[in-house]
Amino acid sequence: MGTETRIAARPSPKVSDEVRQTTCYMCACRCGINVHLQNGKVKYIEGNRDHPVNKGVLCAKGSAGIMQHYSPARLKAPMKRVGPRGSGQFEEISWEEAYEIAVSWLKPIRETDPKRLAFFTGRDQSQSFTSFWAQAYGTPNYAAHGGFCSVNMAAAGIYTMGGAFWEFGQPDWDRAKLVMIFGVAEDHDSNPIKAGIGRLKARGGKVIGVNPIRSGYNAVADEWIGITPGTDGLFILSIIHELLRAGRIDLDYLCRYTNAGFLVRVDDPKAEDHGLFLRNDAGVAQVIDRATGKIANYDAPDVKPDLAGHFVQDGKGYKPAFQLLAETYLSPDHAPDAVADRCGIAPDRIRAVAAELARVAFEEEIVLDQPWTDWKGERHKKMIGRPVSFHAMRGISAHSNGFQTCRALHILQILLGSVEVPGGFRFKPPYPKPPEAHPKPNAVGRPGQPLPGPHLGFPMGPEDLQICKDGKPLRIDKAFTWENPFSVHGLMHMVISNAHAGDPYKIDTLFMYMANMAWNSTMNTSEVMMMLTDKDENGDYVIPRILYSDAYSSEMVAFADLILPDTTYLERHDCISLLDRPICEAEAAADAIRWPVVEPDRNVKGFQSALIDLGARLGLPGFVNEDGSRKYADYADYITNHERRPGVGPLAGWRGEDGASEGRGAANPEQLDRYIENGGFWMAHIPEEAQYYKPWNQAYQYWAVRIGLFDKPLPYVFNLYLEPMRKLQRAAEGHGDCQPPDRLRERIKSTCTPLPVWYEPFEEAAVDKAEYPVHALTQRPMHMYHSWGSQNAWLRQITNVNRLYIPGAIWEAEGFEEGDWAEVSSVHGKIRVPVARMDALNPDTVWTWNAIGKRRGAWALDERAPEAEKGFLLNHLIHELLPPKGDGLRWANSDPITGQAAWFDLRVKIRRAPPGGPSQPSHPAQASPVGRGPRDIRFGEDFE
Amino acid sequence: MTALPKTCQKKLGLVIDLDTCVGCHACVVNCKEWNTSNYGAPLSDTDAYGANPVGTFLNRVHSYEVTPAEGPAQTVHFPKSCLHCEDAPCVSVCPTGASYKRSEDGIVLVNEDDCMGCGLCAWACPYGARELDALAGVMKKCTLCVDRIYNENIPEEDRVPACVRTCPAGARHFGDLGDPESDVSKLVAARGGVDLMPEMETRPVNKYLPPRKKDELTKGEALAPKSTEPKGFLAWLDKALEAL
């Protein structure tokens, strides 16, 4: 029956009229995509096989890009608020009117007191541009979202070893034999980790996963360590204890490539230079040369430093940094038996992990027949690899002890000799780059003037902090103050709260981009919505003006006074630049573009183009010509013609008038065309001789200078002992001109240690653990990127409800049953949520997917959407401040060194609640400025 | 009733590695994306932005928790689509002949023009691998991307099912399981690939590679200390540095 109408046995339908290649933006991973167009419409998106990031594959988010592009939540035109703040009532206006309003706010601020503008961007992929704009404007108040994301990981990496995980480094996936991952949020980065694990396992390599929750990568890990949250530092230092005890460390590597031999003054705790390095008159750190027993410059050729011993000069006593490290971590406090209960890991398991790391590192050594020359001119015949690699992200980072924990992990890598060697961890250009080579922070603004330098940088001691003479913070988020001296990404999570409190000062205009700070991207969501709508005694908003740019009708839109509508990622120009967060791989420098593969069908503009327009209207330096005329037509013009340093611009490929130069060269008017022809990206391979040992490899250093990553070779050694931390401690002990306030002295002494230390997370230490016995975490699902996923008709079918996952013992003790609801409380608040049982979970931890819960009315969803009825945010339980200490001061719930938001320090209690929803708190609906989505979708029927 | 081919020499199918599947749903969405605008009616979504969004998918990932006798509980991600069975009950039950299994390559397809949406095949399939499209009223199922794997309009290396092309972890493999020398057959042999629910006697072509053993690093030998005293450590250090 029916056989005559069957399709051809070997059908060859035409896929599309045209393929345009650009860069994905469904998350921060930045894969290359082939966008198939038919009849001018987007039909199908697949991974670009030639692209260095994803090499052809594409995740669920990327594959659902069509639904994001056609989302009913897309904003359609500029809007000004007509109802009360938060209501969602707007009227569409022209771009001209929008610019006029924005200029009427921003121009007077710039002319009088530029710090009254706070400009913070969210998951911005154009930070080198947005920061350039903010610097030209002159406000000190600029940062992106790093402070509430993973700044601990980034800062600890750069301070310790001159590079960090993810964007600036990766496991050597093709040579590693053992990869250990800690607390990896499942999208940092997305496809390369999945692909790497697949390749590693295909070769018979193993994965050790350290995470309280066994999902995602931990589900496929060969070994799962279900650690108790906030104790990763203890666990890592215990592994270090085991390795030191057994002498299973790479001494040759430590001597050559680290500050292990640097002499540290140890004889007099009261001395001004106690704990600092012995330096010669030129400031060069000194080591004991084993050959002579005398001190020598650490970087002198042929010097082999001693790693133990005692040296006296001018009556002062010194020891090598390594000896201090060994004495610290060999202490019985760090033995597996001493930490096991707190970590929730059996002592035998800790010992077994340490033994396995040592076995693979030293017994499965890799030798590459590749000669290379080091920074001192010594020729090496081979490259020796320790095939153990590590990756970590927000899980260990988002704690108030996160910076030191991340430092501890890097120390472990370095002791094993597995950084920048075959099979280990490898940097990606523009890294390696030591902290000294980064700019220093700048926060002193003057009316009508640009800021003297970039906002964000790497302080090397108290002298680089950004505080007024009276000790007050210069920045609204209090970055680079004694509260969080090395807050190298700023503290976006404190901006609204501080602005509302007028602490350290009041602002006039809050300008944000792509940051859902009225919902899932903020701590303490309900109160933050109140702060955004709060009025003073005169009936004026406490935060007078809010300017916001987003592509979609997110919860934050309703709180803005003026909206600049952004485009979707398929309608815009972007550059993923070597000046900020490029797409490099360990083998190659690479950058990429987005370009409008389709034109917008609404009255919207790429935010960066709008910012260029605003910059010109405000007459900002760098945005106008000498005669005051506009310098750039739009962002594409800026990408092509802007030069940060002579010959170095946003894009490194096809530079020079003839387009033949790489890295350095004059602007090329056809540069974007060359990128488009090449699939949207540029890539330059690092020479074979320069592939490993990059911080010390002459061939790499010369190549990096040639390509424009830096202007002279920058060899350096890794910081086992981090002297800048000791300088903070010395100030807290009373030395020097720049002094912390008395209330912070003890905290600085105990947390800013030059060797990594573990201390109990602050909130945990502050609350009654018997009353709040359970840790609570969130994770991001692999198929969602923060709040964006719920407007996506396909992705929301995979997850539109999040339950709180509860481990078996708590589940049974509380008498939970399937379909139940629970009341979950922290010291700050209470929520009511649906629950489910999960046994592959640390027994003292509950968790849920983040950013599934939605406010009614947002994202063009039905007000009865499950995301609002049964979805919820844990954010309501997490405060941006620690519980009050009775001193009247506001103590941030952040890492004391970097200011990283301590999302995962949360402690809760759980009780069974009466059945049924909705989730609480249940906020009333916002009006939707974009209406509602269609009822049904038959995507694809147009293409027949 | 519809007849199955007596034999299929060529047995195209998928091999899915449960040891590496991280449960990311890439295959689920890319499958939907390809198939909604290719073979047959679109894979529709109803109440797409509403209170009860439901759509047609040809491939879904399920997650299960497994608690072994010893060791901690495990999570297994389990992608599932039509297994293109040799004894496909969905075909033999079809009253119109719309469901059929191709003799040339073993792919089970639905001829939508002949499908009256009675749903018998979905009832007969023990795997729940078929979905009736709510708007088109016809039965949808995995076609093994029959419109990709022979498609002369796409590059040869891309002539694999969309789910295989997109899988970031490389957990999905496509090939001829009727040829013992094919890469997929060798992989199944090497890794002990299994049938899903063999007791149903459907003889599925698709195979699953089971997860490798986990959590074995418990009783390994601890590292032997060089010395239990700090001084002893320093003596070792001195000797070791001398040997460099």
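The values are calculated or read from the model by the stated rules, or taken from the named source; none is laboratory data. Quantities reported herein were computed from a predicted structural model and do not represent experimental measurements. With ideal geometry, Cβ positions are generated from the backbone for all residues, glycine too; neighbour counts draw on all protein chains shown.
Which members of the stretch B:70-98 meet the condition of being at the interface with chain A (Cβ under 10 Å from one of its Cβ atoms) and farther than 30 Å from A:N842 by Cα? Before you say what the answer is, go through the steps one by one.
Quick first cut of the stretch B:70-98, residues at the interface with chain A (Cβ under 10 Å from one of its Cβ atoms) only: B:71-77, B:94-98.
B:C94, B:P95, B:T96, B:G97, B:A98 - these are the residues of the stretch B:70-98 that are at the interface with chain A (Cβ under 10 Å from one of its Cβ atoms) and farther than 30 Å from A:N842 by Cα.
Going residue by residue through the stretch A:737-748, is there one that turns out to be within 30 Å of A:I852 (Cβ to Cβ) and either outside any helix (DSSP H, G or I) or assigned by the TED database to the domain that holds A:P883 (or both)? It would help to see each step written out before you state the result.
Applying the first criterion (within 30 Å of A:I852 (Cβ to Cβ)) to the stretch A:737-748 yields none.
There is no residue in the stretch A:737-748 that is within 30 Å of A:I852 (Cβ to Cβ) and either outside any helix (DSSP H, G or I) or assigned by the TED database to the domain that holds A:P883 (or both).
Do we find a residue being within 14 Å of chain B (Cβ to nearest Cβ), in a helix (DSSP H, G or I) and on the phi > 0 side of the Ramachandran plot anywhere in the stretch A:921-940?
The answer is no; no qualifying residue exists.
Of the numbered conditions (1) touching a strand residue (DSSP E or B) at 6+ places or on another chain (Cβ under 8 Å); (2) charged (D, E, K, R); (3) facing another protein chain (nearest Cβ under 9 Å), A:D50 satisfies every one except a single condition; which is it?
(3)
Within the stretch B:99-138, restricting attention to residues that are within 11 Å of B:T2 (Cβ to Cβ) and charged (D, E, K, R), which residue is farthest from the other protein chains (Cβ to nearest Cβ)?
Applying the filter and picking the extreme gives B:K101.
Taking the condition over 21 Å from A:H786 (Cα atoms) and either more than 14 Å from chain B (Cβ to nearest Cβ) or hydrophobic (A, V, I, L, M, F, W, C) (or both), does A:G853 pass?
Taking the combined requirement at face value, the residue does not satisfy it.
Just to be sure, is B:K186 assigned to a helix (DSSP H, G or I) and more than 7 Å from chain A (Cβ to nearest Cβ)?
Criteria met by B:K186.
Filter the stretch A:777-804 down to the residues that are part of a helix (DSSP H, G or I), small (G, A, S) and within 12 Å of chain B (Cβ to nearest Cβ) and list them by number.
Of all residues in the stretch A:777-804, those part of a helix (DSSP H, G or I) come to A:786-791, A:795-798.
Right, trim to small (G, A, S) and you get A:787, A:789-790.
Residues satisfying the conditions are A:G789, A:S790.
Take the conditions farther than 22 Å from A:L728 by Cβ, modelled with pLDDT of 95 or more and outside the structural domain of A:Y142 (by the TED database) and apply them to A:E436. Does it pass?
no
So which residues in the stretch A:499-532 are of a type in the set (G, A, S) and in a helix (DSSP H, G or I)?
Listed by number, the residues that qualify are A:A499, A:A501, A:S526.
So, restricting to strands (runs of 3 or more DSSP E) that lie completely within the stretch A:165-276, which ones have at least 1 residues that are out of contact with any Ser or Thr (no Cβ under 7 Å at 6 or more places or on another chain), of a type in the set (V, I, T) and touching a residue at least 12 places away in the same chain (Cβ under 8 Å)?
A:178-182, A:206-210, A:223-225, A:263-265
Take A:K14 and decide whether it is among the basic types (K, R), within 12 Å of chain B (Cβ to nearest Cβ), crowded, with 24+ Cβ neighbours inside 10 Å and out of contact with any helix residue (DSSP H, G or I) (no Cβ under 6 Å at 6 or more places or on another chain).
On the way: among the basic types (K, R): yes; within 12 Å of chain B (Cβ to nearest Cβ): yes; crowded, with 24+ Cβ neighbours inside 10 Å: no; out of contact with any helix residue (DSSP H, G or I) (no Cβ under 6 Å at 6 or more places or on another chain): yes.
No, not satisfied.
Going by the structure shown, is B:N59 of a type in the set (S, T, N, Q) and in contact with a Pro (Cβ under 9 Å, 6 or more places away or on another chain)?
yes
Pull up the stretch A:925-944, narrow it to residues that are exposed (fewer than 14 other Cβ atoms within 10 Å of the Cβ) and modelled with pLDDT under 95, then point me to the one that is nearest to B:D45 (Cα to Cα).
So the residue we want is A:D942.
Quick check: anything in the stretch A:409-417 under 23 Å from A:I686 (Cα atoms) and within 14 Å of chain B (Cβ to nearest Cβ)?
Yes: the stretch A:409-417 contains one or more residues that are under 23 Å from A:I686 (Cα atoms) and within 14 Å of chain B (Cβ to nearest Cβ).
Report whether or not A:F480 is crowded, with 24+ Cβ neighbours inside 10 Å, free of Cβ contacts under 8 Å to residues at least 60 places away in the same chain, farther than 26 Å from A:G829 by Cα and under 26 Å from the mean Cα position of the chain (by Cα).
When the stated conditions are applied, A:F480 passes them.
Hey, could you check the stretch B:112-146 for residues that are small (G, A, S) and under 25 Å from B:K207 (Cα atoms) and say which is surrounded by the fewest Cβ atoms within 10 Å (Cβ to Cβ)?
Step by step, filter the stretch B:112-146, then rank; the result is B:G128.
Could you please find all residues in the stretch A:580-596 being assigned to a loop (DSSP other than H, G, I, E, B) and surrounded by fewer than 23 Cβ atoms within 10 Å (Cβ to Cβ)? Write out each step before concluding.
Going residue by residue through the stretch A:580-596, those that are assigned to a loop (DSSP other than H, G, I, E, B) are A:580-584, A:586-587, A:595-596.
Selection gives A:D580, A:R581, A:A586, A:E587, A:W595, A:P596.
Would you pick out the residues in the stretch A:856-876 that are in contact with an Asp or Glu (Cβ under 7 Å, 6 or more places away or on another chain) and either more than 9 Å from chain B (Cβ to nearest Cβ) or closer than 22 Å to A:W903 by Cβ (or both)?
Within the stretch A:856-876, A:R856, A:G857, A:A858 qualify.
Using the structure shown, decide if A:P320 is within 20 Å of A:G261 (Cα to Cα), buried (at least 19 other Cβ atoms within 10 Å of the Cβ) and in contact with a Lys or Arg (Cβ under 8 Å, 6 or more places away or on another chain).
For A:P320, the condition - within 20 Å of A:G261 (Cα to Cα), buried (at least 19 other Cβ atoms within 10 Å of the Cβ) and in contact with a Lys or Arg (Cβ under 8 Å, 6 or more places away or on another chain) - is not met.
Name the helices (runs of 4 or more DSSP H) wholly inside the stretch A:316-406 in which the number of residues that are more than 14 Å from every other protein chain (Cβ to nearest Cβ) and touching a residue at least 40 places away in the same chain (Cβ under 8 Å) is 1 or more.
The helices (runs of 4 or more DSSP H) meeting that bar are A:336-343, A:394-397.
Give the stretch A:20-64 a look and list any residue that's surrounded by fewer than 24 Cβ atoms within 10 Å (Cβ to Cβ), in contact (Cβ under 8 Å) with a residue 60 or more places away in the chain and closer than 11 Å to B:T166 by Cβ, or say none.
Of everything in the stretch A:20-64, nothing turns out to be surrounded by fewer than 24 Cβ atoms within 10 Å (Cβ to Cβ), in contact (Cβ under 8 Å) with a residue 60 or more places away in the chain and closer than 11 Å to B:T166 by Cβ.
If we scan the stretch B:73-83, do we find a residue that is out of contact with any Pro (no Cβ under 8 Å at 6 or more places or on another chain), of a type in the set (A, V, I, L, M, F, W, C) and closer than 25 Å to A:Y805 by Cβ? Can you show your working first?
Quick first cut of the stretch B:73-83, residues out of contact with any Pro (no Cβ under 8 Å at 6 or more places or on another chain) only: B:73, B:75, B:77-82.
Now drop any that are not of a type in the set (A, V, I, L, M, F, W, C), which leaves B:73, B:78, B:82.
Applying the additional criterion that residues be closer than 25 Å to A:Y805 by Cβ yields B:73, B:78.
Looking through the stretch B:73-83, at least one residue is out of contact with any Pro (no Cβ under 8 Å at 6 or more places or on another chain), of a type in the set (A, V, I, L, M, F, W, C) and closer than 25 Å to A:Y805 by Cβ.
Regarding the stretch A:394-415, can at least one residue be identified that is in contact with a Pro (Cβ under 6 Å, 6 or more places away or on another chain), closer than 30 Å to A:K472 by Cα and of a type in the set (D, E, K, R)?
Checked the stretch A:394-415: at least one residue is in contact with a Pro (Cβ under 6 Å, 6 or more places away or on another chain), closer than 30 Å to A:K472 by Cα and of a type in the set (D, E, K, R).
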